[in-house]
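S.K.: This is the structure, below, for whatever I ask next.
No lab work stands behind these numbers, since they all come straight from the coordinates. Source: prediction; values computed, not measured. Methodologically, a virtual Cβ is constructed for each residue, glycine included, from the backbone with ideal geometry; neighbour enumeration extends over all protein chains shown.
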Amino acid sequence: MVDPLGSPSGLLRQPDDAHTIRLDVPASARYLGVVGACIGEMLARVEGLNDGEALTYNMQLAVQEICVNIVKHAYGDDGGRIALTLTIAAPPLRLIVECHDGGRSFDPARIPLPDLEHGQVNGYGLFLVHHLMDTVTYDPCPGHNRWRLVKYLHSR
């Protein structure tokens, strides 16, 4: 049997760390392309993804939305860093992204849903993330916030 990453049954026997990338980037919009590129390269190594191009775009969009919110709302003008862990895990085959920041926390339940009837300029980010990912969790702690995004990867 060949696993989706191309090695004979290897993904199923290797620890998650074997398919993990860790990034620590400045909390600045100018570095979000690095995060997106890593997601793209990781998913490019998974064989047989259903609609791989659209899946990759959606995963990049979801993670970048979280990172933009960290930059704008958790840190504001204070600067800081975002630590990310990107993992391809199995079984079941999935992408797991964890984002950690040391900025201000918030209560997601207090964020209103976007007005899809009349449109608006901002406020679609978390709505999009929840629709693109299978699982979205946010653990706010004073001085340390953690986002965990999971997307199950379906292969042909």
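S.K.: For labels at Ala54 and Ile21 in the simple 7 Å Cα→Cβ model, what's the distance in nm?
M.R.: 2.4
S.K.: Just grab the label-to-label distance for Val150 and Arg94, each label 7 Å out from Cα along the Cβ direction, in nm (one decimal).
M.R.: Here the answer is 0.2 nm between the modelled labels.
S.K.: Then there's this: Put +1 on the Cβ of every Lys and Arg and -1 on every Asp and Glu Cβ in the range 19-152; which of Leu55, Cys38, Gly103 then has its Cα farthest towards the positive end of the dipole?
M.R.: Gly103
S.K.: Please arrange Lys72, Lys151 by counting, for each residue, the other beta carbons lying within 10 Å of its beta carbon, fewest first. Intermediate results must be reported in sequence, preceding the final value.
M.R.: Working: Lys72 15, Lys151 21.
Ascending Cβ contact count within 10 Å gives the list Lys72, Lys151.
S.K.: Can you tell me the dipole magnitude for the range 19-152 around its Cα centre, using point charges on the Cβ only (Lys, Arg +1; Asp, Glu -1), in Debye to the nearest 20?
M.R.: Value, rounded to 20: 320 debye.
S.K.: While we're here: Please compute P(r) over all alpha-carbon pairs of the range 19-152, binned at 10 Å starting from zero, and give each bin as a whole-number percent.
M.R.: Going from the shortest bin to the longest, the percentages are 12, 44, 33, 11, 0.
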